[in-house]
Amino acid sequence: MQRDLGSLPLAPALRARLVGAGFSTAQELLEVGPCELSKEIGISKEEALETLQVIRQECDSNAVRTGGDPTALRKCTALELLEQEQAQGFVITFCSALDDMLGGGVQLTKITEICGAPGVGKTQLCMQLAVDVQIPECFGGLAGEAVYIDTEGSFMVERVVDIATACVQHCQLIAEAQQEEDHHKALETFSLEGILSHMYYFRCHDYTELLAQIYLLPDFLSEHSKVRLVAVDGIAFPFRHDFEDLSLRTRLLNGLAQQLISIANDHKLAVILTNQMTTRIGQSQSTLVPALGESWGHAATIRLILHWDNNQRLATLYKSPSQKESTVPYCVTPHGFRDVQPPPPSQTPEGSEMNPRKRPRIEEDKQ
Amino acid sequence: MRARGAASAGTPSAAPQRAGSRRPGAGPPGWAGAVPRARRPRAGLAGARLPVAAAQPRGCVSAWCSASRLLCPAPLRTRGRAMVILHAGLCPGLTAEMIQLLKANGIQTVVDFISSDLEEVAQKCSLSYKALVAVRRVLLAQFSAFPINGADLYEELKSSMAILSTGSKSLDKLLDSGLYTGEVLELMGAPGSGKTQVCLSIAASVSHSLKQNVLFIDSTGGFTASRLLQLVQSRTEEEEEQVVCSVGPVKLLVVDSVSAVVCPLLGGRQSEGLALMMQLARELKTLAREFGLATVVTNHVTRDSSSGHLKPALGRSWSFVPSTRVLLESSQGAWGKASTQRIASLRKSPRQPTGIQVELDIGGYEALEERPGASGEEL
C-alpha cells in the first residue's frame, strides 16, 4: 500500500530527514534495509531499525484490517442495515406524543441531544429514560442497563425511586390485565432494587474527568454488555466555564463526539446528551440557541429542544435524519415524564391549559 | 513556441503513466494545461518559457522546471513523487559508481540531478559530460509529463465522463444537469439544514433510477435505512424493484461527513492534521478520476468570529479540493417554526455563475422536489 510518510506516526525531525533524503511513501522505505537507511539519513542503525519496524507494523495492520476483517470497516448493504434497524427496539419515554414524534422512542446507535432552558425537564427526561431502558422485553422494552454520567450533580436518587416505582406499577397493571406467563416472570426481576442496581452512575467534576470517562467507557461496556443507554447529563457544563482556548474546546468536543458515535455503533446503544441554552444577540433581537457553538451542532444526530410556551412545556424535534420536524407538548408529573392529559369534559370549554396533573410553575421564571 | 492547446476546463490532462509503478497523483481541477508541444528539452533551457501551471502532473516532475530553479521554484517543492532517489538501475547508463560520486557531491534525487549544471558536475565528479547528458535525457523522458492537446482531451472526456442526475430537477439545474463523474461536489450547511437528507435522496435516486451502485461512507451515524426505504418507496411501488441487487462498479461515492473526522486533527500543535487532510483529499480525487466516480462530500459550517457569517469548516486548504460547492440553508431563520423548505445556493462552480439559488423540499416522503410555484430562484 502506498502510504504517504505524512500519515505515519514518526517523529517530526525524523520525518523531515526522510523527506529531505527523497523518501515519500512507506513503500519506498520498506524496500530499503536498515543499514542503507541509517547511512542515507544519518541516524543510528538502531533508530533505523525501529523506524522500519514501526512502518512495517502500520502497513501490516492496515493490510490485515482491509483484507482479512471486513467487519472492522463495517461495510454492509443498505438492505442489511434496514433489517437491523427494523429489528432494533426503541427506548420509550412514556410520553406517547414524544415517542411518536421520535418515531417510536429514542433510537439505538444514534446520539440524541436534548437542549433546553433551566428547569424545563432535561434531567427528568434522562432519569426517565434510564429507568425505561430496563423495562423487560415482554412489556415492549429493551431489558438493558443504563450508564448515567453526571457533571452537574443534578441526579437525585429519590426522584429515580419515584419514577421507577411508577414504572413498575405500570407494568404490573399491564401484567394483571393481560395475564401472561412471561409477564409474571419478568416482574420478579423488574423491581425497584433491580432497576437501581442496573443503573451505573459516574460523577465527573471537570472536563478532563468527563473526557477520561468517555474514552474509558468502551472497556466498561465490554464487561457490562447489557448496557443499552448512556446518558451524559450536562455535557455543556464543564466546557463552558474557564476555557480560554476555544479552538481546543472545539477539537475536544469533536473528538468526544466521534468517540460517542463509535461507542453507540459498536455496542448498539443509545447515547443521550443534555445541553444548555445560550443567547445569541442579533441585530434587532436575541434568540436562545443551544450552547457550545455551531460545530457542536453537527455532533448529535437527533436534536430535541425543550422550551416553554405560556406555562406549557413543549418539545421540538429540530434535527433528525428520519423524522419530520414537529412540536409536541409534554408534562412532568410526580410519576415522571408523561403526556399532557386533555382537560376533562366537565371543565369550562375555554380550552384553558391548566390541567390537574401538571406540576405548578412559578410565574417569574417565564422566558 | 508552438501554439498552446486549449484544454477544456474540468480535468487535468490524462498523461499516460511513465514512471514505472507509481500511482498517479491527483491534479487540481481546471488545470490550464498550457504546456508547449515540444517534448524534448533543448540544450540551454535558460531562455525557454516555462509552463504556466505549476500543477502537479501525474506522478512526474515537469521537464521544464529543470531550466532554472529561480524561474520556476514551485514544482521542486511539490509533493513527494518527484523526489525519487537515484539508484542503480533507474535507467541504463546510471551505474553504482556514478551514484556514489554524485552523492558525494550532494546530488541524491532525480530532481537534484536534472536541475544541476552538468558541466560543473562533470568536473567535480570527474564523470564524462556525454554520459551525464545521456542519463539526463533518459530521466527526463522517463519522469516528465506528457502533454496532450486539447482536442484529444476533449474526445477522451466525451467518452469517459458521465453525468448522473440527482433526481431533483431544481438541484440538477443548480449543478448544470447533475453530478459529473471525476469531480467532487461539496454540500455545506448548518446543523439540521438537510445535508444528510440530500445525500440520501441522491443515493436513492441514483441507485433506483439510474441503477448504479452507490457507496455511502457515513461518519456521523446519520444514515437511517428506514428513511432510505421511504425515499425509494416513493419512487416505485414494486417490492422487487426496491430490493434488486446489482453487481457492478460503483458510480457514486457519498462521504457524510468529512469534517467530522478531520476536525479533531486540525489546529493546535498537531502538525500532521493538515497533511492527513490533504492526503484524504488526494485519495478522494484520485478515486474519482481513476474509477470515474461522482463524489459527494458533506462539510460543516462554522461561524466566522469577526463577521459573524457562516463559513465552511476545514479552512482554506480544503476549499480548493471540491470543484463545486453548494450551501444549504433553511428558508426561515428561527428554529421555532418547523419547515421542510431549504434553499440551496451555489458557492463555487466551474460551470455556472455562483449565487444561483433554488428551493428544495426535503421533508415528507417525497423526493427532493421544488415547491410548486416556487419563485425562489435568483440569478
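Quick rundown of the values:
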item	result
As computed over the stretch A:163-211, the Cα convex hull volume per residue (Å³)	92
Dipole of the stretch A:81-339, positive end: most advanced residue of A:A257, A:T123, A:C171 [Cβ charges, Cα centre]	A:A257
Distance in nm between pseudo-label sites at B:Y129 and B:S177 (7 Å out along the Cβ direction from Cα)	5.8
Mean residue ellipticity (222 nm) of chain A, computed from DSSP H runs ≥ 4 via -39,500 (n - 2.57), nearest 500	-13000 deg cm²/dmol
Test item: B:292-303 mean partner chain Cβ contacts at 10 Å	2
For the stretch A:281-333 versus the stretch B:95-152, the gap between their alpha-carbon centres in whole angstrom	66
Stretch gain in nm, segment A:R17-A:K45, where the contour uses 0.36 nm per residue and the Cα spacing is subtracted	8.6 nm
Volume in Å³ per residue [convex hull over Cα atoms, computed for the stretch B:98-230]	225
Cα→Cβ-extended label distance, 7 Å offset, between B:A122 and A:L192, nm	10.1
Neighbour net charge for A:M127 - beta-carbon separation under 14 angstrom, K R +1, D E -1	-3
FRET efficiency for B:L157 and B:K348, using Cβ-Cβ distance with R0 set to 30 Å, rounded to 0.05	0.90
Local electrostatic count at A:S96 - Lys and Arg +1, Asp and Glu -1, tallied over other residues with Cβ under 11 Å	-2
Ranked list, fewest to most other Cβ atoms within 10 Å of each Cβ, for B:V214, B:V232	B:V232, B:V214
Residue of A:R280, A:R159, A:R17 that the Gaussian network model of chain A assigns the largest fluctuation, springs spanning Cα pairs under 10 Å	A:R17
Degrees between helix A:45-63 axis and first principal axis of chain A (Cα, 0 to 90, nearest 10)	50
Neighbour-count order for A:S286, B:S205, B:S331, fewest beta carbons within 10 angstrom listed first	A:S286, B:S331, B:S205
Prolate/oblate/rounded call for the stretch A:81-339, Cα gyration tensor, a/c under 1.5 rounded	prolate
Inter-site label distance for A:S225 and A:R203 at 7 Å from Cα along Cβ, in nm	3.3
Positive minus negative residues near A:I111 (Lys, Arg vs Asp, Glu; Cβ under 12 Å)	+2
Least to most buried among B:S257, A:S295, B:S345 (fewest other Cβ within 10 Å first)	B:S345, A:S295, B:S257
0 to 90° range, to nearest 10: angle between helix A:122-132 axis and chain A longest Cα axis	90
Protection-proxy order for peptides A:230-241, A:167-178, A:95-106, each taking the mean of Cβ atoms within 10 Å per residue, highest first	A:230-241, A:95-106, A:167-178
Nearest-20 debye value, the stretch A:81-339 charge dipole, Cβ charges on Lys, Arg, Asp, Glu	800
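Taken together, the values in this text are just the output of simple stated rules run on the coordinates, not laboratory data. Quick caveat, the model's predicted, so the values are computed rather than measured. Note: ideal-geometry Cβ built from the backbone for every residue, glycine included; neighbour counts use all protein chains shown.
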